[in-house]
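Take a look at the structure set out below.
The values are calculated or read from the model by the stated rules, or taken from the named source; none is laboratory data. Please read these numbers as outputs of a predicted model, since none were measured by experiment. No Cβ is skipped: glycine too gets one built from the backbone with ideal geometry, and neighbour counts run over all protein chains shown.
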Ligand code: M6R
């Protein structure tokens, strides 16, 4: 949350600051701002709303300068106002800062600084930090030959409780940026006679593919031709330069109206990429290059803990179902935000797996650190190569789904679920799953992209259904067994992009409470598969109909329903139980998407949300 870009080099900084911000806007879009350092001091522009508002302001009042910092905000401390937008300038006018994170002890800092004569013009925690840097700068004019700018930032950071990714400018050091991180991602992009700072690599797409990932507790001094990294304890860090691949076209919208729509339709490719090269030569099991844990060790595992947030947590629920069914290993699923503070007892043979599209979600990162601190091996399923989670785990599986820009997760979710199924297969084959069951499983997995395409082909029909339901303000999503997590995911999708109240429930649990919501004003969407509980689910549908509730059903095409029971039926191909959750996700995503479009919602940037949640 919050995106940061910094530029120092031979070109006009504001061009790159704006371009980078546009690419980082998914991280927050409450306000945007930039500061450029000129010989006459800071030029500052801040606007509430989108980066486009800032771009218009900069266009009408250009901000020439070769060094600058910019920010797109997801508000934490202080409302969405221009005064609270970043950058913030220290009250003595020496420093400018952009910040991603939360300074937990900012109130104490602020009181201290007020007593020292510093003044404040915003309600943010960040302004306390920039004034604390100014305080240290003024306090120690000499620094034994050390860079006074760096030292002031370093000393201020020693007092910070909380998280930060920051980029700082100093009026007296016009060719330099100081960047630092703790808990919020930050990278240095190395160009030719120019360098950049950014929250993630997408912001660098036009400039460079050579990056240094800053680690927690590190601080960098960056100029146009050099960079130096130290720790906040003033120890020198040997940096490693990574070459990253960024396909610019992956960030383009093309003919789609929204990134969410594009990403829904990219799922056959994303799923294909999740499986590429990951089956054994005899096609009876999965194989993974990066688990860093040998089969013998995996056979000792007698419990798995899956941890994640939001949609990724729903992927954990599907994975739990699949691992328990196919590998017969007990699995527990925890919200990462709960796990990190719950101190739950873990058996020594527990494998911890975290799932995160961004690889930056702070709660998930904290959960993984907590598990590692306790001595557990931690694996990750993550999409973003080089993300903090990917770098801190013992091993894992990359999703290779391509960048997911839409705030509502779609292709990342189905690819996580598919990888969950592959892990279930792999673990199952290390235990009791037979060769022929393994072969059937692999065949089913390989069919997934085509089956997903089949469902995408009926998007017009789903759109037509969505039009009839777009005016409802309440929805129930109901499913049993492996369809229950998809019901939860469907409800989350609808909530986050349409602002429609929706609840996901196990279909049979409905009668223990949520059925009270059912009326002609609250439709129910049932996710139905064939099999032993089909008739039970039919009864649940009858219960809704009896109470005048409209019923949409997403069902395998082999399911037959009595006349008049279902108001709208969306048929999906029958398939292996392991891939049903992926196939059933597609109409759920499309329905939510089209309802949001019909309601005129800003699908890719829903209110109050951000793609990557890097605050607690
Ligand atoms: O990047 P992560 O997978 O760790 O993100 C977790 C959640 O913040 C994320 O899935 C969120 O719930 C999405 N907006 C759902 O569409």
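Some observations on this one:
- Only a single item in (1) under 21 Å from residue 75 (Cβ atoms); (2) surrounded by fewer than 22 Cβ atoms within 10 Å (Cβ to Cβ); (3) at pLDDT 95 or above is not met by residue 117, and it is number (1).
- Long-range neighbours under 6 Å by Cβ, at least six apart or interchain, first residue surrounded by fewer than 22 Cβ atoms within 10 Å (Cβ to Cβ) within the range 421-434, second modelled with pLDDT of 95 or more and in a loop (DSSP other than H, G, I, E, B): 431/327
- Flag if residue 177 is in contact (Cβ under 8 Å) with a residue 24 or more places away in the chain, surrounded by 22 or more Cβ atoms within 10 Å (Cβ to Cβ) and over 25 Å from the mean Cα position of the chain (by Cα): yes
- Qualifying strands (runs of 3 or more DSSP E) (wholly inside the range 288-374; at least 2 residues being surrounded by fewer than 20 Cβ atoms within 10 Å (Cβ to Cβ)): 331-335
- One residue stands out among those in the range 591-616 that are modelled with pLDDT of 95 or more and either at positive phi or buried (at least 24 other Cβ atoms within 10 Å of the Cβ) (or both): the one that is farthest from the ligand (Cβ to nearest atom), which is 600.
- Only one entry in 303, 276 is more than 16 Å from the ligand (Cβ to nearest atom), within 18 Å of residue 382 (Cβ to Cβ), in the same structural domain as residue 398 (by TED's automatic domain parsing) and at pLDDT 95 or above, namely 276.
- Of the residues examined, residue 369 is not one that is in contact with a helix residue (DSSP H, G or I) (Cβ under 9 Å, 6 or more places away or on another chain), away from the ligand (no atom under 12 Å from the Cβ) and on the phi > 0 side of the Ramachandran plot.
- Within the range 281-295, residues that are within 30 Å of residue 376 (Cβ to Cβ) reach partners that are assigned to a loop (DSSP other than H, G, I, E, B) with beta carbons closer than 7 Å, at six or more positions or on different chains, in the pairs 286/278; 287/278; 287/280; 288/278; 292/394; 293/377.
- The C-beta contact set for the range 224-240 (first residue touching a residue at least 12 places away in the same chain (Cβ under 8 Å), second residue loosely packed, with under 14 Cβ neighbours inside 10 Å and outside any loop (DSSP other than H, G, I, E, B), distance under 8 angstrom, 6+ apart or interchain) comprises 229/236; 230/236.
- The number of residues in the range 450-486 being more than 18 Å from residue 573 (Cα to Cα), within 16 Å of the ligand (Cβ to nearest atom) and assigned to a helix (DSSP H, G or I) comes to 1.
- Flag for residue 490 being touching a residue at least 24 places away in the same chain (Cβ under 8 Å), within 27 Å of residue 310 (Cβ to Cβ) and within 16 Å of the ligand (Cβ to nearest atom): yes
- Qualifying strands (runs of 3 or more DSSP E) (wholly inside the range 178-244; at least 3 residues being closer than 19 Å to residue 149 by Cβ): 194-198, 218-222, 227-231
- Residue in the range 136-153 that is free of Cβ contacts under 8 Å to residues at least 24 places away in the same chain, under 30 Å from residue 364 (Cβ atoms) and in contact with a helix residue (DSSP H, G or I) (Cβ under 9 Å, 6 or more places away or on another chain) present: no
- Here the range 19-38 is the region considered, the condition is being without any contact (Cβ under 8 Å) to a residue 60 or more places away in the chain and surrounded by fewer than 24 Cβ atoms within 10 Å (Cβ to Cβ), and the residue that is farthest from residue 251 (Cα to Cα) is 38.
- Taken as a whole, the condition of being closer than 20 Å to residue 45 by Cβ and outside the structural domain of residue 217 (by TED's automatic domain parsing) applies to residue 130.
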